[in-house]
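FYI, it's all coordinate maths here, none of it is from the lab. For clarity, every value in this text was computed on a predicted model and none was experimentally measured. When we count neighbours, we look across all protein chains shown, and the Cβ atoms used for this are built from the backbone with ideal geometry, even at glycine.
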Amino acid sequence: MIAGILTGLFSFVTENAIYQYIIQNKYLSSLAIFAITFIAANILVFIYDQILSRIVKKTNTKYDDLFVQKTKIPLLHILYMVGIMVALKPLGLNETLYKLLMKIITSLILLVFTLLASRVVCILIDVWGYRWAKKTKSTIDNDLVPLFKKTVRIIIFIVGIIIVVGAWGVDITGLLAGAGIAGLILGFALQDSLKNIFGGISLILDQSLKVGDKIKLETGEKGEIIDIGLRSTKIRTYDNQTIIVPNSQLANVSFFNYARPNLKERVNLKFSVAYGSDIDKVKKIVLDVIEKHPKVVKNPDPMIALEAMGESSLNFIARAWIADYSDEEDVRFELTDSIYRVLVKNKVDIPFPTQTVYLKKE
């Protein structure tokens, strides 16, 4: 039934005098084709917008909404220009002029498509940057993602322009060679900055460190990572000073990360007692003090060992594990204080270095 209606409608339109007049007039034919294309383009983009908008409203992310918003206008412009290309055909223009107009419109379509590709890629970069930021807990993504977006956008537009120039029959070999030389010069000029940028990226991707980790540098400085930036990493020492280390340098040296493989850390305490002291008694009273500390864990268990017999003392070492490395300094201070007090309380002599001088009488 519907097919019959459409067939009848088509027959009515084609046999209509107005239709015949429009067909015979090339200018009216061209205008009619563009008008039909214009209306069809708006209808298609409207349907595209409505359908996708309903779908993306059901998601929790804003990026798919941004995708619809950023792509519908370039798509509409591309359809308009396709309509212009089709509408030029009935005019019967001079072949040279027609080819020139086709090249101009094709170039415009390529440029709009380049803009469309740039917007889509930037949205994908934002999605990637958001997911990365959740994992890294650093500010490098605040600097790196915008820089990466600009770089990718420039590359896309350069590629688009090269394609457009190639469509005009221009030999692009020289342009590519020039772009390669310019890129090489720029790379040498920004060599140190690029090293720092890629150094920061490698530190995060390798999961060598993250903000909040406690590290110790080769030079002996110890502190907490407070920021991993685009060019450098900032470390706050326990004297509330900030050490700024270039990312390229940090990525190429050895450092201790107390937060890897987990937050546990061993606290080592050394103390001495006088010769003649009861070793078993010393071990028992000191171990009892360590085990009662609220931040000492029982797996692994604390231990005490006679480490060496010194020149004037018996030297012990006590080892205890804590759940969080950030408590290491406080626990070490508290246990040192407690060990001294328990030794004094139990009348265990704590020696100090002595030296005997013999005077020979003539």
| task | Take H77, H293 and order them by how many other Cβ atoms sit within 10 Å, fewest up front. | result | H293, H77
| query | For segment 208-218, in order, what is each residue's ³J(HN,Hα) by Karplus, 6.51 cos²θ - 1.76 cosθ + 1.60 with θ = phi - 60°, in whole Hz (x at glycine and Pro)? | reply | 5, 7, 8, 4, x, 6, 9, 10, 10, 7, 4
| request: Using label points projected 7 Å from each Cα along Cα→Cβ, tell me how many nm separate I158 and S254, to one decimal. | output: 4.1
| remark: The exposure ranking of I158, I290, fewest beta-carbon neighbours within 10 Å first, is I158, I290
| If Lys and Arg each add +1 and Asp and Glu each add -1, what is the summed charge of the other residues whose beta carbon sits under 14 Å from the beta carbon of V112? | +3
| message | Between segment 325-362 and segment 286-321, what is the separation of their alpha carbon centroids in Å? | response | 14
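Chymotrypsin sites (Phe, Trp or Tyr not before Pro) within segment 301-362: which are DSSP loop residues with at most 11 other Cβ atoms inside 10 Å?
Values: sites: F316, W321, Y325, F333, Y340, Y358; in loops: Y358.
Of the chymotrypsin sites (Phe, Trp or Tyr not before Pro), the ones in loops of segment 301-362 whose Cβ has at most 11 other Cβ atoms within 10 Å are Y358.
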| At 1.002 mPa s and 20 °C, Stokes D of segment 202-257 from Kirkwood alpha-carbon radius, µm² per second | 194
| query | If you plug each phi of segment 102-119 into the Karplus form 6.51 cos²θ - 1.76 cosθ + 1.60 with θ = phi - 60°, what whole-Hz ³J(HN,Hα) values come out, in order, with x for Gly and Pro? | reply | 4, 5, 5, 5, 4, 5, 5, 4, 5, 5, 5, 5, 4, 4, 4, 4, 4, 5
| remark: Ranked on Cβ counts within 10 Å of their own Cβ, fewest leading, M303, M309 go M309, M303
| remark: Each label sits 7 Å from Cα toward the beta-carbon; between K347 and Q69 the label points are separated, in nm, by 8.2
| message | I need the trypsin sites (Lys or Arg not before Pro) found in segment 238-279, filtered to DSSP loop residues with at most 15 other beta carbons within 10 Å of theirs. | response | K264
| Rounded if a/c is under 1.5, else prolate if a/b is larger than b/c, else oblate: which is segment 212-349, with a ≥ b ≥ c the root eigenvalues of its Cα gyration tensor? | prolate
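Once you have the Cα-Cα distance between L263 and R332, take 0.36 nm times their residue separation minus that, and quote the gain in nm to one decimal.
23.2 nm
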| query | When N is the residue count of segment 67-120, what does its C-alpha Rg come to as a fraction of 2.2 N^0.38 Å? | reply | 1.31
| remark: Here, K283 and F38, labelled 7 Å along Cα→Cβ, have an inter-label distance in nm of 9.7
